[in-house]
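Right, one structure below, let's go through it.
The values are calculated or read from the model by the stated rules, or taken from the named source; none is laboratory data. The model shown is predicted, which means the values in this text are computed figures rather than measured ones. Virtual Cβ from ideal backbone geometry, glycine too; neighbours counted across all protein chains shown. These accessible areas exclude ligands, DNA and RNA; they are computed on the full protein's heavy atoms, side chains included. Shrake-Rupley method; radii C 1.70, N 1.55, O 1.52, S 1.80 Å.
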Amino acid sequence: MLDMKFVRTNIEKIRHCLINRNSSTLILDELVTLDEKRRDILKKVEDIRSLKNTNSKAVARLKAQGDEEALRQNIENGKLLNQQSEELEIQLKQLDEQYMQRLLYIPNIYDEDTPIGKDETFNPEIRRIGVPRKFDFEPKPHWEIGSELNGLDFDRGSKLSGSRFTIMKGDFARLERSLGAFMMDLHSSEHGYTEVMPPHMVLRETITATGQLPKFEEDLYNTKGDDLFLIPTSEVALVGMHRDEILELKDLPAKYCGYSPCYRREAGSYGKDVRGVIRQHQFDKVELVWHTIPERSADDLETLTSHAEKVLKLLELPYRVIRLCSGDLGFGAIRTYDIEVWLPSYNAYKEISSCSNDGDFQARRGNIRFRDKDNKLKYVHTLNGSGLAIGRTLVAIVENYQTSDGKIKVPDVLIPYMKKEYIG
RNA sequence: GGAGAAGUAGUCUAAUUGGCUAAGGCGUCGGUCUUGAAAACCGAUGGGGUUAAUAGCCCCAUGUGGGUUCGAGUCCCACCUUCUCCGCCA
């Protein structure tokens, strides 16, 4: 959520930002109009409230003095004022709701140096690490290897739960579990994160804070009787943990790594990534979240990204880092780096992590503050990044580490977890 | 699920049968004093509107939402959370 005071004085800047994000500017115009109306009514409401307060105080005084006639008059006056304010109070309440509804739909303002572009083809590459392996045989896609080794069961997955659900079995299940443990170990032991196992269902307010609601409700699963939402990422929980809190400067930055399944309806992605387990309704992910101070959030994003990259370096998987252009940025992000891993089946780099600085956007929605060194209350900045998406990491290992005789070599760092050198 | 108790500001705690500015302690920040510091004393401490303004003035904020009333921390209703006890359960 943007600061309304900022919106009032930067309308054109926000308009440009919305255009470059491929967002409608209609909502901005509505917001500005509603804000003006709201403040106009607010002024009137406050004036009457002031009169009511004065009147009530007079009642108490007159009662003490025992002036019956004046007392009666004042009580009558109070009733009259109530009648006058009733209509205005209702109007104000409605305007407040309408105004907030607009404000919650405005995306964040991106960094000044953000590359402008309408889609992902405008995302510049920042760096490229490792070289894709040259195969001396025809490499197979992971869905073939997974089926042949009886590790990925697509048919039974859809029998259980419908499309985009897959059962992992045997060493594939173990690899999934090993990767999660390996990533959590790395981030908690080497990178200084606090390990978190969050709830998988959260309240509407929680997920509104991170920005998925109200605008993207159709992308979420929710429960029928309780209005709880299945988390699409543990970011929701790791950010939401500090909702309505005031953090101490000495505790910042607060760094959390969370391990959870992510549940996504993938509305609007029909026909995309239909083969294999690249795009599922449920996948495991290790997520990194920082609550930090505004002055250092830009540097912290670089650090967080390097932590995600470290996983790929240790697994010796080739990858590249790209910067998201204006049109490809997420709703709350001011700056995002995507990490893409090399997938032989795609003959391309495929997203495996997205690291973003959301500035004070989420903190404002979730009311997450800290006291700065001058004792002033300020909103924290929140950062989030996958470290990494486990299913896609599994895919990358299966495809990049396959052997000519149909096996998968286990990356060295995973051998202690897998307790074997080959799958298959 | 049942019974009972509680929820006040950054934090801890008060507030008569509804009434005048939600009192006070602690913490933190600023100031006075000091060579410096501590202590002491003074002031400040959340959100919003108005404004050139961190000046004034005003509104809101006692878990949340309603209700009664000229007026609600206080009375009434519903809900949420926490604690205690009972029941059920991996």
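Structure data summary
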read-out: Of all residues in segment A:364-376 being in a loop (DSSP other than H, G, I, E, B) and in contact (Cβ under 8 Å) with a residue 60 or more places away in the chain, the one that is nearest to RNA strand B (Cβ to nearest atom); value: A:Lys373
read-out: Residue that is nearest to A:Gly211 (Cα to Cα) [pool: residues in segment A:362-405 that are among the acidic types (Asp, Glu) and in contact with a strand residue (DSSP E or B) (Cβ under 7 Å, 6 or more places away or on another chain)]; value: A:Asp372
read-out: Residues of segment A:235-256 classified as assigned to a loop (DSSP other than H, G, I, E, B), open to solvent by less than 70 Å² (accessible area, probe 1.4 Å) and among the hydrophobic types (A, V, I, L, M, F, W, C), total; value: 1
read-out: Members of segment A:289-348 that are assigned to a loop (DSSP other than H, G, I, E, B) and of a type in the set (Val, Ile, Thr); value: A:Ile293, A:Ile334
read-out: Qualifying residue in segment A:261-278 (condition: over 24 Å from A:Glu399 (Cα atoms) and surrounded by 18 or more Cβ atoms within 10 Å (Cβ to Cβ)); value: yes
read-out: Every pair of residues 6+ apart whose Cβ atoms lie under 6 Å, when the first sits in segment A:51-69 and is open to solvent by less than 70 Å² (accessible area, probe 1.4 Å) while the second is assigned to a helix (DSSP H, G or I) and within 6 Å of RNA strand B (Cβ to nearest atom); value: A:Asn55/A:Gly78
read-out: Filter pass, A:Glu205 being open to solvent by 60 Å² or more (accessible area, probe 1.4 Å) and modelled with pLDDT under 95; value: yes
read-out: A:Thr194 open to solvent by less than 30 Å² (accessible area, probe 1.4 Å) and either outside the structural domain of A:Asp300 (by TED's automatic domain parsing) or of a type in the set (Val, Ile, Thr) (or both); value: no
read-out: Residue check, A:Glu120 away from RNA strand B (no atom under 12 Å from the Cβ), surrounded by fewer than 16 Cβ atoms within 10 Å (Cβ to Cβ) and without any contact (Cβ under 8 Å) to a residue 40 or more places away in the chain; value: no
read-out: Verdict on A:Met201 being in contact with a Leu (Cβ under 8 Å, 6 or more places away or on another chain) and not charged (D, E, K, R); value: yes
read-out: Residue list for segment A:27-38, filter: farther than 30 Å from A:Phe122 by Cβ and open to solvent by less than 100 Å² (accessible area, probe 1.4 Å); value: A:Thr33, A:Leu34, A:Asp35, A:Arg38
read-out: Tally, over segment A:279-299, of residues that are among the hydroxyl-bearing types (Ser, Thr, Tyr) and open to solvent by 10 Å² or more (accessible area, probe 1.4 Å); value: 0
read-out: Close pairs (8 angstrom Cβ cut-off, 6 or more residues apart or separate chains): not assigned by TED's automatic domain parsing to the domain that holds A:Pro261 in segment A:199-228, of a type in the set (S, T, N, Q) anywhere; value: none
read-out: Count - residues of segment A:349-363 that are in contact with a Gly (Cβ under 9 Å, 6 or more places away or on another chain) and in a strand (DSSP E or B); value: 4
read-out: Filtered residue count, segment A:1-44, keeping only those that are away from RNA strand B (no atom under 12 Å from the Cβ) and in a helix (DSSP H, G or I); value: 19
read-out: Restricting segment A:270-288 to residues that are in a strand (DSSP E or B) and of a type in the set (A, V, I, L, M), the residue that is nearest to A:Asn22 (Cα to Cα); value: A:Leu288
read-out: Sole residue being more than 16 Å from RNA strand B (Cβ to nearest atom), out of contact with any Lys or Arg (no Cβ under 6 Å at 6 or more places or on another chain) and more than 30 Å from A:Ile397 (Cβ to Cβ), chosen from A:Pro132, A:Pro139, A:Pro115; value: A:Pro115
read-out: Members of segment A:1-26 found to be among the aliphatic types (A, V, I, L, M) and either without any contact (Cβ under 8 Å) to a residue 40 or more places away in the chain or exposed (fewer than 15 other Cβ atoms within 10 Å of the Cβ) (or both), listed by number; value: A:Ile11, A:Ile19, A:Leu26
read-out: Residues located in segment A:72-114, provided they are closer than 30 Å to A:Cys325 by Cα and in a helix (DSSP H, G or I); value: A:Tyr99, A:Met100, A:Gln101, A:Arg102, A:Leu103
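Yes or no, residue by residue, for (1) β-branched (Val, Ile, Thr); (2) assigned by TED's automatic domain parsing to the domain that holds A:Asn20; (3) modelled with pLDDT under 90:
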| site | (1), (2), (3) |
| --- | --- |
| A:Gln65 | no, yes, yes |
| A:Gln73 | no, yes, yes |
| A:Asn77 | no, yes, no |
| A:Leu80 | no, yes, no |
| A:Ile90 | yes, yes, no |
| A:Gln94 | no, yes, no |
| A:Glu97 | no, yes, no |
| A:Asp111 | no, no, no |
